[in-house]
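Asks: Encoded as structure tokens, here's the structure I'll be asking about.
Taken together, the values in this text are just the output of simple stated rules run on the coordinates, not laboratory data. Predicted, not measured: the structure shown is a model, and the values here were computed from it. Methodologically, a virtual Cβ is constructed for each residue, glycine included, from the backbone with ideal geometry; neighbour enumeration extends over all protein chains shown.
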Amino acid sequence: MPHPLRLMAVLAHPDDESLGCGGTLAKYAAEGVETYLVTATLGERGWQGDPADDPGLAALACVREAELRCAVAILGIRELALLGYIDGDLDQADSREAAGRIAAHLRRLRPQVVITFGPEGAYGHPDHIAICQFTLQACILAQQPDGDQPGHRVDKLYYLATDQPLADVYLAIFGDISMAVDGVTRLPYWLPDWQVSALIDATNYWQQTWAACRCHASQLPPSDVLDSIPDETHRFLWGYQPFVRAFSFVNRGHTRETDLFEGLR
């Protein structure tokens with residue numbers, strides 16, 4: 001009997017799953033694919049309000065974990081695993097330990113497809129870059145057994161991507177997205193059209209994805225900004241999901257995929 005199709009997202013912060021690939025997760029969950037999420041931090045340093053009102057790392061972690069669990073339930077994700085690293089410090093984690101912990105989830109849950117951030121970290125975010133590196137390492141490590149856990153080979157690894165059409169809409173709504181690292185301002189990175197290797201149409205799930213995004217109230221701009229945009233913009237923002245295929249053992253070529261499980265069904 002064939003194994004059920006399984007998809008795992010390995011991401012850095014609460015809200016990455018909804019704003020980054022929520023449409024894809026909702027679509028596959030609705031189609032019967034088992035979807036799983038590994039989140040590395042609780043976004044403890046993600047306070048968006050007046051610095052004087054910052055509740056502190058522990059209190060904000062509780063808020064953001066509750067927001068994450070709200071989104072996970074709406075998106076139909078079967079299981080959430082929290083790695084417990086501190087927001088902003090992920091790139092300082094021991095890489096073998098972090099990759100080993102992710103690999104343990106890969107061996108246990110045995111997904112055919114994994115998605116994570118690309119090596120550019122969307123806009124150069126060190127945590128995003130780190131989780132990309134750890135996830136790639138984990139896909140290698142997971143092939144070897146560990147104790148009573150047999151090894152598992154991930155068939156396909158994808159990176160979240162932003163192309164020009166998505167960037168135009170995203171920046172128009174959210175404004176400047178940049179961060180300073182070591183005194184250098186890092187800007188959003190988007191791909192040329194030819195580099196997008198998979199484009200998932202999740203427009204039928206945009207309302208579900210938007211509901212998941214709204215769980216992350218501590219991270220969104222004022223409600224009037226997003227509530228005032230037309231449905232067609234929401235449909236595109238949450239339903240247009242580009243990816244880059246980092247590797248595949250089951251298909252090849254440069255034809256753009258419309259299904260992350262191409263070659264596996």
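Asks: Calculate for the chain the 222 nm mean residue ellipticity that helices alone would give, adding -39,500 (n - 2.57) per DSSP H run of length 4 or more and normalising by residue count, nearest 500 deg cm²/dmol. Kindly include the intermediate steps, with their values, before the conclusion.
Replies: Values: 9 runs with 99 residues, N = 265.
Rounded to the nearest 500, the figure is -11500 deg cm²/dmol.
Asks: Right, something else. Between I200 and residues 5 or more places away or on another chain, which pairs have amide H atoms under 5 Å apart, with H built 1.01 Å from N, and which residues are they?
Replies: Q241, F243
Asks: I need the GluC sites (Glu not before Pro) found in the stretch 12-61, filtered to DSSP loop residues with at most 16 other beta carbons within 10 Å of theirs.
Replies: Filter output for the stretch 12-61: E31.
Asks: A follow-up question, please. Just to compare against my own numbers: the Cα pair-distance distribution for the stretch 147-233, 10 Å bins, whole % per bin, please.
Replies: Each 10 Å bin holds this share of Cα pairs: 11, 32, 34, 16, 6, 1.
Asks: Can you compute 3J(HN,Hα) from phi for each residue in the stretch 207-218, using the Karplus curve 6.51 cos²θ - 1.76 cosθ + 1.60 with θ = phi - 60°, rounded to whole Hz and x for Gly and Pro?
Replies: Along the stretch 207-218, the couplings run 5, 5, 5, 4, 4, 5, 4, 5, 4, 8, 4, 6 Hz.
Asks: Sequence-distant or interchain residues sharing an amide H contact under 5 Å with D163, placed H: which?
Replies: Long-range HN contacts for D163: L191.
Asks: Determine the sum of side-chain charges near G22: Lys and Arg each +1, Asp and Glu each -1, restricted to other residues whose C-beta is under 10 angstrom from that of G22.
Replies: Value of the local net charge: -2.
Asks: To the nearest µm²/s, what D does Stokes-Einstein give for the stretch 47-97 at 37 °C and 0.692 mPa s, using the Kirkwood radius over alpha carbon pairs as Rh?
Replies: This corresponds to a translational diffusion coefficient of 250 µm²/s.
Asks: Using just the C-alpha positions of the stretch 6-247 as equal point scatterers, what log10 of I(q)/I(0) does the Debye formula give at each q in 0.12 1/Å?
Replies: So the normalised log intensities are -0.65.
Asks: Follow-up. In bins 10 Å wide, starting from 0, what share of all Cα pairs of the stretch 115-265 does each bin hold, as a percent?
Replies: Answer for the stretch 115-265: a P(r) of 10, 31, 36, 18, 5, 0 percent.
Asks: Kindly write out, for the stretch 71-87 in residue order, the coupling ³J(HN,Hα) from the Karplus curve 6.51 cos²θ - 1.76 cosθ + 1.60 (θ = phi - 60°), rounded to whole Hz, with x marking Gly and Pro.
Replies: Running phi through 6.51 cos²θ - 1.76 cosθ + 1.60 with θ = phi - 60° gives 5, 4, 5, 5, 6, x, 6, 6, 8, 10, 10, 10, 8, x, 7, 8, 3 Hz.
Asks: At 7 Å along Cα-to-Cβ for each site, give me the label-to-label distance between T185 and E262 in nm.
Replies: 3.8 nm
Asks: Find how much the distance from D148 to A172 grows on full extension, using 0.36 nm per residue of separation minus their present alpha carbon separation; answer in nm with one decimal.
Replies: 3.6 nm
Asks: In percent, what relative contact order does the chain have, based on Cα pairs under 8 Å that are 6 or more apart in sequence? If you can, show how the numbers build up before the last one.
Replies: Details: 503 pairs, mean separation 61.7, N = 265.
Answer for the chain is 23 percent.
Asks: What chymotrypsin sites (Phe, Trp or Tyr not before Pro) does the stretch 215-265 have in DSSP loop regions with at most 14 other beta carbons within 10 Å?
Replies: Filter output for the stretch 215-265: F249.
Asks: What is the Cα radius of gyration of the stretch 1-94 over 2.2 N^0.38 Å, N being its residue count?
Replies: Computed over Cα atoms of the stretch 1-94, the ratio equals 1.19.
Asks: Around L166, under 14 Å between beta carbons, what's the net of Lys plus Arg minus Asp minus Glu among the other residues?
Replies: Result for the local shell: -3.
Asks: Sticking with this one: State, to one decimal in nm, how far the label point of H254 lies from the label point of E232, with both points 7 Å from Cα in the Cβ direction.
Replies: Here the modelled spin labels are 3.3 nm apart.
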